[in-house]
Structure formats: structure tokens, C-alpha cells
Amino acid sequence: MRLSNFGVLEEAINNIDNTIKLNIYKKMYRSRKFEEGVIESVECKQIKSAVYLSIGQESIAAAIIEALGNKHYVFTQHRCHSTFLSLGGNILKIRDELLGLPTGSSNGKGGSNCLQIHENGINMFGHHGFIGENLPQAVGACFGSNKPTLCFLGDGAIEEDYIYPSIGFAVTHKLPIIIICEDNDLSILTKTEDRRSWDVSEVMKSFGIPSVNMADDPWSIYEKISGLFANTDGPIFLNIKTCRIKWHAGIGADKMHEWDRFSIVKEELLSLGLGSQLTVIEEEVNKEMDIVWDKKTLQQLLKK
Amino acid sequence: MGQKNLATTIKEITRNHLENCNGLLLGQSISAVGWVNNTVPDCKGIVELPMTDVAGAGIAVGTAIVGRRPIFVIRFQDFLILNGSQLIFYAAKVKELHNQPAPIFIRAIGTEGIGPCHSGNLHNIFMHFPGFNVFAPITSKEYEQTWDAFMNDNKPMMCSEHRDTFTNCEEIEDILVEDAEITVCAISVTRLEAQQAVKTLHGENVKCSFVNIFKLKPFSLKEEIVDIIKSSKHILVVDTGHEISGAAQAIAYEIGKKINKFVHILGVEDKTKCICEPYQNRYPDSEKIITKINNIIKGDYTCQKE
Ligand SMILES: Cc1ncc(C[n+]2csc(CCOP(=O)(O)OP(=O)(O)O)c2C)c(N)n1
Ligand SMILES: [Mg+2]
């Protein structure tokens, strides 16, 4: 059974400044609200192409990018809305990309699973549909530039054959790359127990890579990643157990998820007495989303 | 001293790129057995990729994304089936899709005479997919042009090489004869064979033209060559790869479209290449080209195996 407190550091929430906690919450809330707008736009057929929603998984990118900033090379997986937004990608460009408009992040040519950012010092490279293909590319980019690199991929992608030799290369060349497995226990709709008997973290140990296996508690992720980074000069691996609330592609839901980290985080922050700060954040984000998803604006944009 | 051979030219271009231009050369077993037929210098910037080709290609593409203009060495073109995913579905796409180029120079080496293993010639596959330049240089000058085209552009370059041409020291000129009985357009190493065939036929008083095709994609023909081809009774395109859906077929179509005429092709038969005679199914040699030409002239178009 997967548990929401698996591997969680109980004290992490108390060790982190409130400002950082609120920043993480804001990233999560913004991603959630943005995707609620996506869902509405799919329902009213303004977004016509497939969408790969992050809903349920937002805490991972939020915590990691809060901890590391946005100066890394970032290679995302297909499910990348929350990574795009947490990194500080232009929200109108992601919206327009999903709408298929020339003002999108790839001029409307890529869509939900191919988002990219190359501006304001941020470098997020678009995924191209072969799950896990981004890991060898990330390793190559890291090797070629010697720039710290982040690579996100799923628990299905990590089963591809090109993953492990790429990790071996990163180990051999001591590359500063952080590999994050967003482990939602699903490859499309097939659970891990129906796919394999082995554990990714164990494989990573055999490579000698510092690795972490835990649930998507953002405070623990934040604390772990800050600590690990200070102590190694090669690749790092994080397997983060999380829950995808919506379908693999599209806006439906099977209600299979064991927890919703967003609700847990909100409860935690409320119980710490941060309610009024949350309200401020929510109001600010809601206002932003009213503008981003304003129906009339969308109609005009799509008419052009 | 004669002219330097193709292998030396490749080696010199590579050395300059690695030593002076922050370039990289990546591949598997680069230093093994003669440094890829003596085409790779022993210098900095050489990166071993000891792994599945799919991952190796991805790493090479990653270095291209960050501007290292890597040379990616594929010792045998058959491996392109594995390497292909990263090259075709990422490197060749990202410029058009994201305006983020991944300029990678793919040295894909064809070979012959080693039977069923590693003897495929697959440049046609890369002509099929959008985003590549595909050149098949077999002379030093052509290789320099291929390299310059790569350095002056952001597209991945599929450089289809052939082992049987590495010792070549000559530049190869077209032989343009008006009102020829046949014009032979040849690709890669078959150019050496076609040139030989045309010379032999000239000795037998058969009027033939010979056209070198080294830029496969984008493909174009100079006006003077179009005129020669137009004045020719028959046209034949010869390639190292399989005839079916191969480069010869694609180029025959392009030529045919230009001059509104049927164009014949000759390549490798639709069979596996095997190790011993008579099953080797090698790229067309001059003898086979001559037989094909004679049959075309006789009006017997169908014969595959004379
Ligand atoms: C190379 C390749 N094989 C198969 C697929 C089909 N496919 C698309 S998504 C997916 C599962 C991905 O699961 P995971 O990596 O865990 O990411 P998630 O969707 O769960 O976030 C598969 C098998 C693919 N896109 N690429
Ligand atoms: Mg998954």
C-alpha cells in the first residue's frame, strides 16, 4: 500500500521558513488553478488537443524549484504544466500553446506535452513523446555544458532501456544532474505491481548514486534536496511517490488516487496559523486566473 | 605527394573542430581497431559512449542542444535503426517546432561484403523524415562542402559515408554527353562503379552520360544537367541501398518529375545480404550496372537479376 507519509521527514515542515512554505504553496495553488482553467476550456472545446494534467503532482516541481531556483537546464517529461509554471514560465504562453495559438510557447506547434521555456534565463526543453528520451538528452546537455541540470520523468519512463546507461554515463563523468522520478504508480493505467518486481531506488544504489525514495511531501523534498546537493559532486536521484488525480491524457478521473497532496499541504499550513496568508495568495492567484481564462478574451483570441 | 585521401580529410576536419572549435566527437569504441578506419584523430574532445545506441544518440543530441556541434560516429549504418529515434524524433524536429536547434553531424558509415550483419545502407530513411540535410560525400572536396554546409546551418547533417571510399584521392567529375543513349546518376560508392561502367561503355561506342549525386536532401540538379538528362534517351539512378523505397527510387521520382520521363533504378535487391556467393546482394558494381544498362537499351526493363 502506498502511503502519503512514506519516507517523510516529520520535522521538515518546522525547519522551513514560513516564506518558503508560502512560496511552495503559491506554486502549487497556481498550478492547480491554472489546470482548473484548462479543464473548463477543454469542456467548452476551446482547447482541442490532448492535455496531460499535473493535478495531484504539483508539490514536486514546486518544492524542487523553490529549493534550487530556475537557473538549471530543465528537461521535463510529457506531464509538465506544473514544472513550466513553477519555473516561472509565462502563463499566457502556456495557455496559448494549449489553445494552439501562434503566441504559444512553441507558437502553438507543440502542445501540452511539448512545452518549452527559453527566456529570462530559464531553459526548459520540450519533450517529444518518447517517454524517458529526455534523460539521455539531459545527460548530454549537462556533459556538454557542465551546467547543473534537472530531469523529470515518470515511473513508466524509467523502465525504458536508455535510462540506465545514461545514468551510468552521468555517474562515470560525475555530472551535476538531478533525476526526479514523478512516481504516480501508473504507466497510463497500468500499476507498477503489474509491470515489474524491482525497485528503481535499489538500482540507483547499485550505481552508487545518493538516492531518496519518499512521498511527495514538499517540505521533505525541499529539505532533502538542499541537504543532498551540498554533499555530492555527481548525479542525485529522487523517487517521489505521488498521485495523478486525472486521466493519463484528458480531463476525466478514475478516482484511484490514494491522497491529494494539495489538500494535505493546505491543512498543514492552516493548522500552523497561516490561514490569512493563504487567503492573500489565493485571492491574488484567482485574480490572475480570471484574466488568463477570461471567456471573452479567449473567444477573441480564437477568432483571430 | 599525391592528393590526400578522404580518410585524411575527415581526420583533419575533425581535429580542427575538436582542438580549435570546442567541438566534440562521440561514438562507441572510437579508439578501437584503427580509429574508425583512420578517420578520427587522437586528440581532446573524444567521448566514448559505451552503451545502447539509443542512449548514446540521446547524449550526443544533448551536447548538440547546448551548442557543442558534436560529430556523432556510427560505425555501421545498421545501427541507425537504434540511433534513429533520438535523431529523427528529437534532433531533426526541435528547430522547426521550438526554434531550438540541435545541430549534430552524423557520420553514418556504410560498408559492404560482411554479409548479414552491419552492411545496410540507410540514408534513404533520413531523406524521408523532415529536418535533416542528407549528403553522401565520397571525395575530399565534397566532404569539405558537407562540413561547411553543416557549420553554416543549424540542421542535423546526415553524412552518409562509405568505407570503400576512404582511400579515394580523386575528385569525380560528371561526364556530360548530349543525346546520350543513357544517363547514369549514381549515389555514394556506386559512383565509382558507375563511372567505370560508363567509361567501359564509351569504349564500346555507347553514348552515356554520368552524373554524380552527392546532396541527397535537399536535392537539386543544375540546369545544364537537366538539359543533358532531357536529351538522353534513358536515365538510370544507382544507389547502395535497397531499391524498394530507397534513395534511388526517391531521386528517380524527382528527376522524372522534372523531365516528365520514366527513370530506371538499380540498387540492392529486396533480400537479406548474406555472407557467401551467390547470396551477397552487394551494392551494384560496374558489371551489374553495365548489364542493367544493356537491358534498358534493349527494352528489357523488368530483369532484376541478369
Ligand atoms: C518510447 C515510448 N513508449 C511508449 C509510449 C507510450 N506511453 C505514453 S505515456 C506512457 C506511460 C508514461 O508513464 P510515466 O512515465 O509513469 O508518466 P506519467 O504519465 O505517469 O506521468 C506510455 C507507455 C511512449 N510515449 N514512448
Ligand atoms: Mg507514471
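A short reminder: the numbers here are calculations on the coordinates, not readings from a lab. Note that the coordinates shown come from a computational prediction; the quantities given were computed from them, not determined experimentally. Neighbour counts are summed over all protein chains in view; Cβ atoms, including those assigned to glycine, are modelled from backbone coordinates with ideal geometry.
What to note about this one:
- Per-residue HN-Hα couplings for the range A:179-193 [Karplus 6.51, -1.76, 1.60; θ = phi - 60°; Hz; x = Gly/Pro]: 9, 10, 8, 7, 8, 8, 6, 10, 10, 6, 10, 9, 6, 4, 5
- At most 13 other Cβ within 10 Å, DSSP loop - chymotrypsin sites (Phe, Trp or Tyr not before Pro), the range A:186-274: A:198
- Surface/4 estimate of mean projected area, convex hull on alpha-carbon atoms of the protein assembly as shown, nm²: 32.1 nm²
- Annotation: the antiparallel percentage among DSSP beta bridges lying fully within the protein assembly as shown is about 10.
- Long-range amide H partners of residue A:212 with built H, under 5 Å: A:237, A:238, A:239
- Length-normalised contact order of chain A in % [C-alpha pairs under 8 Å, at least 6 apart]: 23 percent
- This ranking places B:224, A:40 by how few other beta-carbon atoms lie within 10 Å of each, fewest first, which gives B:224, A:40.
- Summed residue charge, Cβ within 10 Å of residue A:181's Cβ, Lys/Arg positive, Asp/Glu negative: -2
- By the count of neighbouring beta-carbon atoms within 10 Å, fewest first, A:199, B:78 end up ordered A:199, B:78.
- Cα convex hull of the range A:4-130 - mean projected area over all directions, nm²: 8.5 nm²
- Our summary gives chain B a relative contact order of 15 percent, counting only alpha carbon pairs under 8 angstrom and 6 or more residues apart.
- In this structure, residue B:274 and residue A:303 have a Cβ-Cβ separation that, at R0 = 56 Å, corresponds to a calculated FRET efficiency of about 0.35.
- In Å, descending, principal axis extents of the Cα set of chain B: 55, 42, 42
- Kirkwood Rh and Cα Rg combined as Rg/Rh, the range B:168-306: 0.94
- Dividing the alpha-carbon radius of gyration of the range B:1-62 by the rule-of-thumb value 2.2 N^0.38 Å gives 1.20.
- Net charge contributed by nearby residues that have their C-beta within less than 12 Å of residue B:126 (K/R +1, D/E -1): +2
- Debye intensity ratio I(q)/I(0), log10, the range A:197-304, q values 0.12, 0.22 Å⁻¹ (C-alpha model): -0.74, -1.19
- Residue with peak Gaussian network fluctuation, chain B [Cα springs, cutoff 10 Å], from B:27, B:45, B:246: B:45
- Among B:90, B:283, B:143, residue whose mean-square fluctuation peaks in a GNM of chain B (springs only between Cα atoms under 10 Å): B:90
- By the beta-carbon count within 10 Å of each Cβ, the least crowded to most crowded order of A:266, B:257, fewest first, is B:257, A:266.
- For residue B:28, the shell of other residues with beta-carbons less than 15 Å away shows a net charge of -1, using +1 for Lys and Arg and -1 for Asp and Glu.
- The range B:182-298, relative contact order [Cα under 8 Å, separation at least 6], %: 30 percent
- Low-density loop cleavage sites - chymotrypsin sites (Phe, Trp or Tyr not before Pro) in the range B:233-287, where at most 11 other Cβ are within 10 Å (DSSP): B:262
- Computed from the C-beta positions of residue B:31 and residue A:260 and an R0 of 41 Å, the FRET efficiency is 0.15 to the nearest 0.05.
- The alpha-carbon of residue A:296 sits under 23 angstrom from the alpha-carbons of these lysines, leaving out residues fewer than 8 places away in its chain: A:33, A:45, A:48, A:93, A:287, A:304.
- Inverse of mean 1/r across different Cα pairs in the range B:6-165, Kirkwood, Å: 15.4 Å
- Springs join every pair of Cα atoms under 10 Å in this Gaussian network model of chain B, and among B:76, B:89, B:126 the largest mean-square fluctuation is at B:89.
- Applying the criteria of a DSSP loop state and at most 10 other Cβ atoms within 10 Å to the trypsin sites (Lys or Arg not before Pro) of the range A:33-119 yields A:45.
- Inter-label distance for residue A:291 and residue B:96, nm, one decimal - labels placed 7 Å from Cα along Cα-to-Cβ: 3.6 nm
- Distant-in-sequence amide contacts of residue A:123, defined by a placed amide H-H separation under 5 Å and a gap of 5 or more residues or a different chain, comprise A:74.
- Normalised by residue count, the range A:127-197 yields a Cα convex hull volume of 84 Å³ per residue.
- The H on the amide N of residue B:210, modeled in the peptide plane, is under 5 Å from the matching H of B:175, B:176, B:177, B:184, each at least 5 residues off or on a different chain.
- Beta bridge orientation in chain A: antiparallel %, DSSP, nearest 5: 20 percent
- On a per residue basis, the convex hull of the C-alpha atoms belonging to chain A measures out at 124 Å³.
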